[in-house]
Every structure is written in C-alpha cells, then in structure tokens.
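Asker: Take this structure, written in structure tokens, and hold onto it; I'll ask about it next.
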Amino acid sequence: MANRADPRRLLRLQRLEKVRAVAKQAAAREAAKAESTLAQLEALATRTGQLLGDYAARIDVADGAALQNLSRFRSGLSGVGEATRADALRARSHADAKLAHLAEAERRRQAVEDRAKSEATALGQRDSHTPQGARRQSGTGLE
C-alpha cells in the first residue's frame, strides 16, 4: 500500500483534518482565555501598585494610632501587590504555554492538510493516467 493512492486513505485524512481543525479551535479558545486572564491580572497588578504608591505618599495622619493603621494597611496592600504580581507571572507562563499548544495544533492540522492534498493529487493522477501498454491490440498489423 506504500506510495499507492487510496480513496479510503484520502477520506481518513480528510476526517483527521477536520478533527485537527476542531482541536486547533479548542486550543485557540484556551489561549484566548489565558491571554484574557493575563491581561486582567496585569491590570490588577498595575492598579495595586498605583494604590500602594498613593498610600505610601500619604502623610496626613492625626496621631500614632492612625499612623499604625496606615502602616498596617500599606503592609497588607504590599502583600496583595506581591501576590498579584506573582499571579500575573504564573498567568504569563500559562498563556505562553497555551500559545505554544495552539501553534503545535496548527502545525498538526497543516501537516494533515498537506498529506490530504498530496493524496488527492496522487489519486487524481492515478485516475487520469491510462497505461498505454495495458491496451489490447485490435486489428491486424497491416492497418
């Protein structure tokens, strides 16, 4: 069966191409979701950093208790900021992995598409090719 065009093989390759296209669409949805999560976390990290900067600049405290409360709030906000930045870094690596998975899914789909096209071409050539030596001679040699 090597190097012989087969209509059943072409049908299998076309079905596989459809399956790979669906897998690529799923990978694209996952990559988009990961990118969206990354964008949200980066925006949150930016906003948290801005808040931290705003509260760090505050000096309008009335007494020691207010200063202590402000200091605790800054410390807590700093912890939230660090956690958000760490989450954003994890989200970035997750989004990068999803994009790599999407690229791999596209490569697989393209490879099957190329194989299906070459199989269709080989099948078309096989059907259009009539071997000349296979015809039986009719008539006499005098004609």
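Asker: For region 53-69, check the following and say yes or no: at least one residue is outside any loop (DSSP other than H, G, I, E, B) and either in contact (Cβ under 8 Å) with a residue 24 or more places away in the chain or of a type in the set (Val, Ile, Thr) (or both). It would help to see each step written out before you state the result.
Answerer: We begin by selecting, within region 53-69, every residue outside any loop (DSSP other than H, G, I, E, B); these are 53-56, 64-69.
In the following step, the residues that additionally are either in contact (Cβ under 8 Å) with a residue 24 or more places away in the chain or of a type in the set (Val, Ile, Thr) (or both) were identified as none.
Scanning region 53-69 turns up no residue that is outside any loop (DSSP other than H, G, I, E, B) and either in contact (Cβ under 8 Å) with a residue 24 or more places away in the chain or of a type in the set (Val, Ile, Thr) (or both).
Asker: So, ARG58, is that one open to solvent by 70 Å² or more (accessible area, probe 1.4 Å), modelled with pLDDT of 95 or more and farther than 30 Å from ARG15 by Cα or not? It would help to see each step written out before you state the result.
Answerer: Details: open to solvent by 70 Å² or more (accessible area, probe 1.4 Å): yes; modelled with pLDDT of 95 or more: no; farther than 30 Å from ARG15 by Cα: yes.
Taking the combined requirement at face value, the residue does not satisfy it.
Asker: Scan region 87-99 and tell me whether some residue there is open to solvent by less than 40 Å² (accessible area, probe 1.4 Å), out of contact with any His (no Cβ under 8 Å at 6 or more places or on another chain) and among the hydroxyl-bearing types (Ser, Thr, Tyr). Steps first, answer last, please.
Answerer: Our first condition is that a residue be open to solvent by less than 40 Å² (accessible area, probe 1.4 Å); within region 87-99, this holds for 88, 91, 95.
In the following step, the residues that additionally are out of contact with any His (no Cβ under 8 Å at 6 or more places or on another chain) were identified as 88, 91, 95.
Applying the additional criterion that residues be among the hydroxyl-bearing types (Ser, Thr, Tyr) yields none.
No, there is no match, as no residue in region 87-99 is open to solvent by less than 40 Å² (accessible area, probe 1.4 Å), out of contact with any His (no Cβ under 8 Å at 6 or more places or on another chain) and among the hydroxyl-bearing types (Ser, Thr, Tyr).
Asker: If the Cβ limit is 6 Å and pairs must be 6+ apart or interchain, which residue in region 84-111 that is over 30 Å from ARG15 (Cα atoms) pairs with which residue that is assigned to a helix (DSSP H, G or I) and small (Gly, Ala, Ser)?
Answerer: THR84/ALA45; ARG85/ALA45; ALA88/ALA45; HIS94/ALA34
A quick yes/no check of all residues on (1) over 24 Å from GLU113 (Cα atoms); (2) surrounded by 13 or more Cβ atoms within 10 Å (Cβ to Cβ):
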residue	(1), (2)
ARG20	no, yes
ALA34	yes, yes
THR37	yes, yes
GLU42	yes, yes
GLN50	yes, no
GLY53	yes, no
GLY64	yes, no
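Asker: Here are some residues: ARG74, ARG9. Which one is modelled with pLDDT under 95, more than 30 Å from GLN125 (Cα to Cα), of a type in the set (D, E, K, R) and surrounded by 13 or more Cβ atoms within 10 Å (Cβ to Cβ)?
Answerer: Answer to the check: ARG74.
The values are calculated or read from the model by the stated rules, or taken from the named source; none is laboratory data. A quick note: this is a predicted structure, and the numbers were derived from the prediction, not measured. Here Cβ is always computed from backbone atoms with ideal geometry, including for glycine, and neighbour counts include all displayed protein chains. Just the protein is used for accessible areas: all its heavy atoms, side chains included, with ligands, DNA and RNA removed. Shrake-Rupley method; radii C 1.70, N 1.55, O 1.52, S 1.80 Å.
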